[in-house]
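The values are calculated or read from the model by the stated rules, or taken from the named source; none is laboratory data. What you see is a predicted model, and the numbers here were worked out from it, not measured in a lab. We place every Cβ from the backbone using ideal geometry, glycine too, and count neighbours over all the protein chains shown. Heavy atoms of the whole protein, side chains included, go into the accessibility calculation; ligands, DNA and RNA do not. Shrake-Rupley method; radii C 1.70, N 1.55, O 1.52, S 1.80 Å.
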Amino acid sequence: MEEVWRGTAWEAMCQNLTDNTMRAGAFQAIEVAHSHLARAADVCGSYRRELPYQPAGAGDALPHLPDAMEHLGIAISCARQLSASHDGSGHVFSLCTARIGLQDSAPLTWQRWAGHHADAADHAAMALQRLQSAWSHGAAGSDAVFVMLKMAPFRMSGVGLLGLAGPHAAHQLLDHHYQHNLAMALRVAVAHAGLTVVPPQGFPLWDAWGHAAEQLLRRAADDLAMARAALENMRRAIIAQFFEACWMLKRRVAS
């Protein structure tokens, strides 16, 4: 019966170590979201600082935002799964090793394992906190970009759904979609309209919203960088925890 408990403890640690799919998914989603947010922030800054400016189109920045928020959601989901898996495997390992007396027979190893386990949990919590902060900053930055879009006059630059309807109808349609889904509003504005935003020259309110949008999107990108670092620290703590678990289990078998 002891070997069953020992085998279950070993499986729990292996599962924790090999959650590669979720971990890779989190890293990939963070990288994609970071790239989109940084690009959108750069374009917002160029709208502000380069007046008078004739951008190629509002699509230079806006399509990045829905994709960024979508991948942020994926990263948050992966981080939550990683945290839950780590907590669950740690609980199983603790239960099994206590049941067969390993914690008492190797107290120092057990303390080191518990320390690494706690460190990994702290890093997971930090990663999730920074991801949620990135979501908040990204959503607020998207709102600010939308206000910029609403504030600027539209200039026809192509034949599209909103272009045929005219600027007034464009604003009405944007309002309608914004009430339901900001991402949809942005997609409607740039994917179907064929419109170009003409930044108002010498307009302080435009500059203020542009500055807010740029800063919020950059904060979201910074949050993502910190979340990635926290997940990497979590990975290192899990590896250290795994080796302590191996030593603990092998030591008991040798005796």
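Can you confirm whether Val4 is open to solvent by 10 Å² or more (accessible area, probe 1.4 Å), of a type outside the set (Phe, Trp, Tyr) and without any contact (Cβ under 8 Å) to a residue 60 or more places away in the chain?
Here the answer is yes, as Val4 does meet what is asked.
Taking residues in segment 125-149 that are at positive phi and open to solvent by 10 Å² or more (accessible area, probe 1.4 Å), and partners anywhere that are assigned to a helix (DSSP H, G or I) and hydroxyl-bearing (Ser, Thr, Tyr), not one pair has Cβ atoms closer than 9 Å while being at least 6 places apart or on different chains.
Conditions tested, residue by residue: (1) farther than 23 Å from Asp67 by Cα; (2) at pLDDT below 90; (3) open to solvent by 70 Å² or more (accessible area, probe 1.4 Å); (4) outside any loop (DSSP other than H, G, I, E, B).
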position	(1), (2), (3), (4)
His171	no, yes, no, yes
Leu174	no, yes, no, yes
Val188	no, yes, no, yes
Pro199	yes, yes, no, no
Ala208	yes, yes, no, yes
Phe243	yes, no, yes, yes
